[in-house]
Amino acid sequence: MSVATSNAPATAASAPESTARRLLRQTEIDPRMIGMIFALMLIWVGFDVYGGIVNGFAAFLTPRNLFNIFVQTASVAVMTTGMVLVIVTRQIDLSVGSILGFTGMVVGVTQVYWLPHIFGVDSPMIWITAVVLAIAFGALIGGFQGWIIAYLGVPSFIVTLGGQLVWRGAAWWVARGETIAPLDDRFSLIGGGSAGSIGFWASWGLCVVGIIAFAAAILAGRGRRQRFGFPLRPVWAEVFVGCLGAAALIWLTWIFNAYNWPTMIAKHYAETHHITEPPGGLKIPYGYAIPVLMAFATGLAMTFLAKRTRFGRYIYAIGGNPEAAALAGVNTKRIVMLVFALMGALAGISACIDSARLDSATNALGQFDELYVIAAAVIGGTSLAGGVGSIYGAMLGALVMQSLQSGMVLIGVDSAVQQMVVGLVLVVAVYLDTIYRQKVK
Amino acid sequence: MDATVSPPSASPLVVMKDISIAFGGIKAVDRASLDLFPGEVVGLLGHNGAGKSTLIKILSGAYKRDAGEILVDGAPVAIDNPRDAKKFGIETIYQTLALADNVDAASNLYLGRELLTRWGTLDDAAMESQARKVMGRLNPNFRRFKDPVSSLSGGQRQSVAIARAIHFNARILIMDEPTAALGPQETAQVGELIKQLKAEGIGIFLISHDIHDVFDLADRIVVMKNGQVVGSARVQDVTKDEVLGMIILGKCPPGATPGLGAMQ
Ligand SMILES: Nc1ncnc2c1ncn2[C@@H]1O[C@H](COP(=O)(O)OP(=O)(O)OP(=O)(O)O)[C@@H](O)[C@H]1O
Ligand SMILES: [Mg+2]
């Protein structure tokens, strides 16, 4: 619905430019991003109002709920940044959930049974080795599948469908279906929770750093265009975009800091640290959760990779016209293989987040994740025809899906109905996107 | 073959000797030979499916030949992929243009040869600046540097493909129907460009269905039929009607040097 609203001005192409259109053009903001954010707002406010009217309490737009949504989105958000690139190269990866499951088991077994013997029970090397192993295993598995796809010419749909079964089976086989728990204490911080968040001041510090970096990026981009004498965005547009970004960051930081540790844990913390509790109890804000920061970092790194490196340029060129890329001298097979390796590595990171959050590795970890990851990418505007898709769009898509699901849980929708709604939303979102693209053309 | 037609005092830039390639039993190119001298324009003619594109795609590294030899500056060379060909200064404007539709003109211009900043990242501003220069030379009205090339007109797309081929100091330029989508003004501009490049000593293979264009621009013509060379001739030694006879019937006139495909 939101997407349709956002492209309403686009239909009046021949009329003199409207204010909204001019704003979009001069700020160079992607109208589809506005559509996505609008959809997100609609979902958030909708669930909040519905809860308030029907159930008597509006529980959606609370720091607690938003905090949880962000944490729950992290794992799929990390993987969908890779899925965008896979789909952009005209491929698909149906095996990410199983790769997550398998690497999760490997990480669980090594840190519970093997690494303590090597490094000692309380060594920080345990979590570091576990994370490195997860990423390496993921990259190896993904790269191997990518090699079959690129060099042996087996369609990715088939290779990764097979991979889905193989790695899920392998996950069982690692520990004969046992659940591996509890995991290393430091490793568990990756999952978030009261200890796995960075606290009040660090969060505001990060916020300030983020705003400065954003402003610097805008200035640097402007400087570069100025040096070559290209047309520049008007100053007000630059300031507008800068303020918008800063406001979003401040709001986000505020949300994460507005959610406090549960009273019992805060009480315990006060007792163990000999702090006298003020009346009404000690309030300890969570601040940014580590998995959310990991998702942000992944998003930034992947955006950099996609936009600013040769590798990224080649990925998009292959998606646009594989033959042209090859004729231009791009080693298309190698790029496709590496994209799958990257996807696998990201599944390894998500395996760490998911297992750390559960504080255990189970055989079923990541089951059906491939569907959510692909859906997030597609809702975020990635075209299955290849060549088109953005990292931030896919991550927003992941947030939209998680918001829908959490919202339905909150207002007490049946889990069967939840699935149906998510499925319908996927189809409708892609339909609206198709209309949008036709209008733009 | 070259004895009668080679310009004085130069050695050939490229020689393709007895090149053959088959696609699943169809001999797309059959023992074809070609050569090209510095500052020379060789027009390659033939009916649809004669094997012109396939032959030059072997030179540009897009296809691997089944048999035959390629010499650049007199020395046999291995051209196994497009990168090899570019290393020898062979640039190609493909009939299909071979553009990545979803990225902009500058990205296409530099595809595979991106300019990098000192941190190893893409220097889009520098690439756009160069693109503006080279496009200004070809198509001065072109302004749409930010749009993906899929949204450009056929002629604009062709200009981008031409810009890419001339931008990297080609020594050997292959133009497969370079003006098929261009308007009269742009076609004339490409004609001027060809003369200019020729004066700089660049050798050009020009594939075209327009016999008049070829007679205007080429020094020599080579006609292909069913994958074989019918014959080659200097343009002043044959008439357009005779060349039509070569293309349609495979009949080699007295002014031309017959090839394998000449009607006996
Ligand atoms: N990749 C391929 N696979 C199979 N057959 C091919 C391939 N490329 C070309 N051919 C065949 O080789 C023959 C020569 O094709 P080619 O494209 O070289 O012709 P052409 O002379 O360029 O024709 P046109 O004037 O239409 O461009 C045709 O019969 C064509 O069907
Ligand atoms: Mg052709």
I'd like the Kirkwood hydrodynamic radius of the protein assembly as shown, using the inverse of the mean 1/r over distinct C-alpha pairs, in Å. 29.0 Å
Shape metrics for segment A:211-313, restricted to C-alpha atoms - Rg then Dmax, Å: 20.9, 63
Just to confirm my numbers, what's the Cα centroid distance between segment A:340-405 and segment B:72-132 in Å? 34 Å
Could you work out the relative contact order of segment B:24-149, using alpha carbon pairs under 8 angstrom and six or more residues apart, expressed as a whole percent? 17 percent
Label segment A:27-72 by shape, choosing from rounded, prolate and oblate, from the square roots a ≥ b ≥ c of the eigenvalues of the Cα gyration tensor; if a/c is under 1.5 it is rounded, and otherwise prolate applies when a/b is larger than b/c, oblate when it is not. oblate
Please compute, for peptide B:111-117, the average count of beta-carbon atoms on other protein chains lying within 10 Å of each residue's beta-carbon. 5
With each run of n ≥ 4 DSSP H residues scored as -39500 (n - 2.57), what mean residue ellipticity at 222 nm is computed for the protein assembly as shown after dividing by its residue count and rounding to the nearest 500 deg cm²/dmol? -18000 deg cm²/dmol
Convex hull around the C-alpha positions of segment B:100-167: the volume in Å³ per residue is 78 Å³
Within 10 Å of each Cβ of B:99-106, how many other protein chain Cβ atoms are there on average? 6
Rounded to the nearest whole Å², what accessible area per residue is found for segment B:100-167 with the 1.4 Å probe? 39 Å²
Assigning unit charges at the beta carbon (Lys, Arg +1; Asp, Glu -1) and nothing else, what dipole magnitude in debye, to the nearest 20, does segment B:100-167 show about its Cα centre? 260 debye
Given contacts defined as C-alpha pairs under 8 Å and at least six residues apart, what's the relative contact order of segment B:100-167, whole-number percent? 43 percent
Ranked by how many other beta carbons lie within 10 Å on average, peptides A:424-432, A:92-100 from highest: A:92-100, A:424-432
Arranged from highest to lowest average of other beta-carbon atoms within 10 Å per residue, in what order do the peptides A:364-377, B:244-257 appear? A:364-377, B:244-257
I'd like the trypsin sites (Lys or Arg not before Pro) in segment B:1-101 restricted to DSSP loop residues with at most 12 other Cβ atoms within 10 Å, sorted by number. B:64
Ranked highest first by the average count of other Cβ atoms within 10 Å around their residues, in what order do A:185-198, A:404-417, B:92-105, A:264-277 fall? B:92-105, A:185-198, A:404-417, A:264-277
Once Rh for segment A:320-402 is found with the Kirkwood sum over Cα pairs, what is the Stokes-Einstein diffusion coefficient at 20 °C and 1.002 mPa s, in µm²/s? 145 µm²/s
Hey, what did chain A get for relative contact order, percent, Cα under 8 Å, at least 6 apart? 32 percent
Work out the mean other chain Cβ neighbour count within 10 Å for the residues of B:79-89 and drop it here as an integer. 2
Estimate the FRET efficiency between residue B:236 and residue A:415 by the formula 1/(1 + (r/R0)^6), using the beta-carbon distance for r and 60 Å for R0, to the nearest 0.05. 0.10
Just to be sure I understand: if you take the accessible area of chain A alone plus chain B alone and subtract the pair, with a 1.4 Å probe, what total do you get in Å², rounded to 100? 2300 Å²
Residue-normalised accessible area of segment A:57-123, given per residue in Å² at a 1.4 Å probe: 30 Å²
Rounded Å value of the spacing that divides the Cα centres of segment A:116-158 and segment A:84-99: 16 Å
So who's got an amide H within less than 5 Å of the one on residue A:197, skipping anything under 5 residues away but keeping other chains? H placed 1.01 Å off N, in plane. A:290
Send over a whole-number figure in Å² for the accessible area per residue of segment A:331-418, probe 1.4 Å. 32 Å²
Amide H partners (placed H, <5 Å) of residue A:284, local residues excluded: A:261
Counting pairwise Cα distances across segment A:387-441, what percent come out greater than 18 angstrom? 44 percent
Separation of alpha-carbon centers, segment B:213-236 and segment A:48-72, rounded to whole Å: 77 Å
Considering every Cα-Cα pair within segment B:77-127, what fraction, in whole percent, is farther apart than 16 Å? 53 percent
List, by residue number, every residue in segment A:310-328 with a reduction of 10 Å² or greater in accessible area between the chain on its own and the complete protein assembly, 1.4 Å probe. A:310, A:313, A:314, A:316, A:317, A:320, A:321, A:323, A:324, A:326, A:327, A:328
For the protein assembly as shown, with all protein chains present and a 1.4 Å probe, just round the carbon and sulfur fraction of the accessible area to a whole percent. 63 percent
Write down the radius of gyration of chain B and its Dmax, each obtained from C-alpha positions, in Å. 18.6, 64
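The values are calculated or read from the model by the stated rules, or taken from the named source; none is laboratory data. What you are looking at is a predicted structure, and each value in this text was computed from that prediction instead of being measured. Note that we place each Cβ from the backbone using ideal geometry, even for glycine, and neighbour counts take in every protein chain shown. Accessible surface is based on the protein model in full, side chains and every heavy atom, while ligands, DNA and RNA are left aside. Shrake-Rupley method; radii C 1.70, N 1.55, O 1.52, S 1.80 Å.
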